[in-house]
Amino acid sequence: MHPQHHTLFIDYCAFFNGNQDFFECHEVLEEYWKEIAPGNKEHPLVGYVQLATGLYHWRRDNFIGAARILEKALHNFQHNMGHIFFDEIDYEILLTQLTDSLSAIQKGKSFQAFQLTLSPILEELTFARIQILPPSNSNYLLHKHMLRDRSHILAERQESKQRKSRRQCDLTQKS
C-alpha cells in the first residue's frame with residue numbers, strides 16, 4: 001500500500017478538501033507522523049501538518065502566525081522534493097498554492113482556502129471519505145481549538161519546563 005493511501009492520510013485529504021477542517025487535518029496527520037517518523041521534524045508529514053495549521057491561523061485572522069508556519073511548510077516541502085509523500089499530490093501545484101497563500105497573507109488579504117490536487121486513486125479514496133464527514137459550520141471550524149480538552153498538552157508543557165529548569169540548575173551547580 002502506498003503511504004498516502006493510509007487511512008489517516010486519506011482523512012487529512014478529506015478534511016482538507018471536504019469541509020476544510022484544518023484543525024482535524026492537523027490532528028489526524030500528527031497521529032500518522034508519530035506512527036511512522038516520530039521526532040523527525042523534517043519529514044514531509046510535518047510540512048502537511050504545518051500547511052493545515054497555517055491555514056487554520058489564517059482563517060482566524062492570525063496573519064503573523066499563519067505566515068510563519070506556512071513559510072515552514074514551504075521550506076519543508078522544498079527540502080523534501082521528490083519524496084514519496086508527494087507522489088499522490090501534485091507537488092508543483094501545491095507549491096504554487098502555498099506561495100500564493102503566503103503572498104495573500106503578506107498583503108493582508110482575507111482567508112482563501114484551496115484544494116489539494118490529488119491523483120485519481122487518492123481522489124477516489126478521499127471522495128469516499130468526504131461523503132461520510134459530519135457537517136460543521138464555519139463558526140465551529142473557526143474556534144475548534146478552544147473546544148478540545150487540552151489538559152494533557154498543558155501538563156506536558158509544564159513537565160517540559162520543569163525538566164529545563166532542573167537542567168539549568170544542574171548546570172549552574174556544576175559551574
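So the values come out like this:
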quantity	calculated
Qualifying residues in the range 1-43 (those that are of a type outside the set (Gly, Ala, Ser), open to solvent by less than 30 Å² (accessible area, probe 1.4 Å) and in a loop (DSSP other than H, G, I, E, B)) - the one farthest from Leu95 (Cα to Cα)	Asp21
Any hit, the range 44-55, residues being open to solvent by less than 40 Å² (accessible area, probe 1.4 Å), modelled with pLDDT of 95 or more and over 26 Å from Lys109 (Cα atoms)	yes
Residues within the range 58-74 that are assigned to a loop (DSSP other than H, G, I, E, B) and either under 14 Å from Gly47 (Cα atoms) or open to solvent by 70 Å² or more (accessible area, probe 1.4 Å) (or both), tallied	2
Criterion violated by Ser110 - all others in (1) over 18 Å from Phe15 (Cβ atoms); (2) part of a helix (DSSP H, G or I); (3) open to solvent by 30 Å² or more (accessible area, probe 1.4 Å); (4) not basic (Lys, Arg) satisfied	(2)
Tally of residues being outside any helix (DSSP H, G or I) and without any contact (Cβ under 8 Å) to a residue 12 or more places away in the chain across the range 75-103	2
Verdict on Ser151 being modelled with pLDDT under 95, surrounded by fewer than 16 Cβ atoms within 10 Å (Cβ to Cβ) and either closer than 22 Å to Phe77 by Cβ or among the hydroxyl-bearing types (Ser, Thr, Tyr) (or both)	yes
Selection from the range 77-107 of residues that are of a type in the set (S, T, N, Q) and open to solvent by less than 30 Å² (accessible area, probe 1.4 Å)	Asn80, Ser101
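The values are calculated or read from the model by the stated rules, or taken from the named source; none is laboratory data. Keep in mind it's a predicted model, so treat the numbers as computed, not measured. Neighbour counts are summed over all protein chains in view; Cβ atoms, including those assigned to glycine, are modelled from backbone coordinates with ideal geometry. Protein only, heavy atoms only, side chains kept; ligands, DNA and RNA dropped before computing areas. Shrake-Rupley method; radii C 1.70, N 1.55, O 1.52, S 1.80 Å.
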